[in-house]
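Data first, discussion second: the structure below is written as C-alpha cells.
The values are calculated or read from the model by the stated rules, or taken from the named source; none is laboratory data. No experiment lies behind these values; they were computed from the predicted model shown. Ideal geometry is used to build each Cβ from the backbone, glycine not excepted, and the neighbour counts take in all protein chains shown.
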Amino acid sequence: MRRLTVDFDEVQKAMEDTVRDAFDYFLDLKSGDVLILSEDILDRARLLLSRNIDEDMENFEEVVFDQEIDIPAWMEDEVELALDIFLGGDSYVRIPERSPRNVFAAMAEFIENIQDAGLREGLRQLLSGQGTFRRFKDALEPYPKLRKLWYGYNAKAAKREIIEWLESLSIEAIAQRS
C-alpha cells in the first residue's frame, strides 16, 4: 500500500456533491490534490478526444489534433488538465459521490446518541420519506450546538468512508496538516 497525503475536508466536499451537474472531482494520485473541473471543460476535452484520438495511441504525448477546436485562451490550461486526466492512466482517479445510504446510516447513528428523548424521537420521524436529508438539516437549525455536533460526527463518518475508498485503491491516506 502506498502512502498519500490528502485533505480529507476537500475530498469530503467533493464526495458530498452528489449531483455533479456543474463540476466533477478528481484526486491526483501523485500530489494528493483534489482537482475540480467544470462539466463544460470536461465536455470540451471529451470532444477533442472523440474527434482526434487514435485507438492505438500509447500516451498523451502522441495526441495530434486533426481538427482545430476553438477553445478560449482562459480555458486552455483546464482543458489540457482534463485531457491529462482522461489519458493519464493511473495518475488520477475520479472521486465518487458519497452514498446516500452511508449518510443516512450516519444520521441514524447520530440520532441514537441524542439525550433528549423527545428530540431524538422527532428526528427519527424525519428518517422516512422524500427529502430526508433536507428535513434533517432544517430540524437541527434551531439547535446550533447539536448542529455543530452533527457536522463533526458526519465529518468523522465521511473520513472513515474516504479511508475505505482509498484503501480499496491500495492507498494509505495521511491527513494533510493545516
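The table below lists the values:
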read-out: Every residue from the range 89-103 that is out of contact with any strand residue (DSSP E or B) (no Cβ under 6 Å at 6 or more places or on another chain) and of a type in the set (D, E, K, R); value: 90, 97, 98, 101
read-out: Matching option when the condition is more than 20 Å from residue 10 (Cα to Cα) and surrounded by 15 or more Cβ atoms within 10 Å (Cβ to Cβ), among 149, 166, 127, 140; value: 140
read-out: Selected residue (criterion: nearest to residue 172 (Cα to Cα)) from residues of the range 40-60 that are surrounded by 13 or more Cβ atoms within 10 Å (Cβ to Cβ) and either at pLDDT below 85 or of a type in the set (Lys, Arg) (or both); value: 60
read-out: Checking residue 108 against (1) surrounded by 15 or more Cβ atoms within 10 Å (Cβ to Cβ); (2) aliphatic (A, V, I, L, M); (3) at pLDDT 95 or above, the condition it does not meet; value: (1)
read-out: Answer from 97, 80 - the residue that is surrounded by 14 or more Cβ atoms within 10 Å (Cβ to Cβ) and touching a residue at least 60 places away in the same chain (Cβ under 8 Å); value: 97
read-out: Residues of the range 2-31 satisfying the condition of being out of contact with any helix residue (DSSP H, G or I) (no Cβ under 9 Å at 6 or more places or on another chain), more than 24 Å from residue 153 (Cα to Cα) and in a loop (DSSP other than H, G, I, E, B); value: 31
read-out: In the range 1-39, the residues that are of a type in the set (A, V, I, L, M) and either surrounded by 15 or more Cβ atoms within 10 Å (Cβ to Cβ) or modelled with pLDDT of 95 or more (or both); value: 4, 6, 11, 14, 15, 27, 29, 34, 35, 36, 37
read-out: Flag if residue 121 is out of contact with any Gly (no Cβ under 8 Å at 6 or more places or on another chain), more than 25 Å from residue 19 (Cβ to Cβ) and acidic (Asp, Glu); value: yes
read-out: Residue that is nearest to residue 148 (Cα to Cα) [pool: residues in the range 114-132 that are assigned to a loop (DSSP other than H, G, I, E, B) and within 32 Å of the chain's Cα centre (by Cα)]; value: 114
